[in-house]
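The values are calculated or read from the model by the stated rules, or taken from the named source; none is laboratory data. As the structure is a prediction and not an experimental result, all values here were calculated from the model. No Cβ is skipped: glycine too gets one built from the backbone with ideal geometry, and neighbour counts run over all protein chains shown.
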Amino acid sequence: MPHSKSWVCFSDRLARYLFISSAVLVSLIILCIIWFVGMQGLSTFRDASVIEFFSSSKWSPDTGQFGALTFIVGSIGTTLIAILIGGPLGLAGAVFLAEIAPPWVRSVMRPATDLFAGIPSVVYGYVGLTVIVGLVRRYTDSSSGYGVLAAGIVLAIMILPTVISLSEDALRSLPATYKEASLALGATRWQTIRRVLVPAASPGILTAIILAMARAIGETMAVQMVIGNSPRFPGSLVSPTSTLTSNIVMEMGNTPYGSTWNNALFMMSFILLIIALIMIILVRTAVRKGAVR
């Protein structure tokens with residue numbers, strides 16, 4: 001018996017040290033990535049101006065012009081369009097699955113939504129290239145169809161599974177007493193959904209939207225295929241432009257390591273990393289407020 005107790009204590013200590021070591025290792029890896037990308041990116045400003053980098057839209061590395069405003073605006077624009085389209089549609093789908101759809105419909109649609117999330121981004125990009133770009137070209141004044149609008153629509157489709165799944169989970173996790181009390185007071189089902197359930201699940205819904213934004217702003221392949229990849233400031237929603245991710249992919253393989261051009265691309269990566277960290281902080285804040293409620 002004493003031998004078995006000592007073995008159990010040893011196993012507990014070993015598991016504890018293993019978990020602590022794993023957590024420390026993951027933290028060190030993340031910190032090393034942030035430090036490496038950040039130091040390489042900040043090296044840009046040895047030869048380029050900080051103000052020019054963030055306020056100029058002139059991107060011509062051959063002549064020493066490193067204005068990244070075009071790519072920052074392109075990334076923000078495509079993300080906002082994706083959220084404006086995909087957010088309400090995803091929330092509507094979540095409400096339908098959680099509160100309206102019969103069980104057999106949910107048993108079919110929920111696995112389909114999860115499968116939807118597993119489709120490679122290049123497939124979305126190819127569909128956008130062959131369908132959405134053509135529709136944008138047909139119904140707008142664009143001569144090519146490429147631009148922020150096409151990229152935003154593709155991203156809106158891509159983020160739907162994230163918004164639907166997380167929002168539905170937030171709605172279904174609410175206590176049944178919320179709905180029962182609202183209905184008992186004479187509210188209709190729509191009034192209950194709109195004024196009780198959705199506000200109560202708002203922290204989870206906000207988390208879904210923030211994670212969807214993080215997915216959208218970091219997407220590369222699908223955006224690259226439909227945005228036009230032109231380093232020009234977007235004059236309209238249907239003019240070809242570029243984003244941070246698409247420009248990094250297009251140019252990183254052609255730049256000498258350690259050059260100002262290469263460091264500028266690392267700076268773009270660092271901007272995306274900072275945005276991702278801000279998104280994570282916002283998610284944790286939303287979850288914490290939901291826990292307080």
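Answer with yes or no whether Ile281 is over 18 Å from Phe54 (Cα atoms) and either under 20 Å from the mean Cα position of the chain (by Cα) or at pLDDT below 85 (or both).
Details: over 18 Å from Phe54 (Cα atoms): yes; either under 20 Å from the mean Cα position of the chain (by Cα) or at pLDDT below 85 (or both): yes.
Criteria met by Ile281.
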Inside the range 130-171, can you point out the residues that are in contact (Cβ under 8 Å) with a residue 40 or more places away in the chain, outside any helix (DSSP H, G or I), in contact with a helix residue (DSSP H, G or I) (Cβ under 8 Å, 6 or more places away or on another chain) and not β-branched (Val, Ile, Thr)? Ser142, Ser144, Gly145, Tyr146, Gly147
Would you check which residues across the range 86-125 are under 23 Å from Gly152 (Cβ atoms) and out of contact with any helix residue (DSSP H, G or I) (no Cβ under 7 Å at 6 or more places or on another chain) and list them? Pro88, Ala92, Gly118, Ile119, Pro120, Val123
Within the range 139-159, which residues are modelled with pLDDT of 90 or more and surrounded by fewer than 22 Cβ atoms within 10 Å (Cβ to Cβ)? Ile157
Per the filter on the range 101-131, residues under 17 Å from Asp169 (Cα atoms), among the β-branched types (Val, Ile, Thr) and surrounded by 13 or more Cβ atoms within 10 Å (Cβ to Cβ) are Thr113
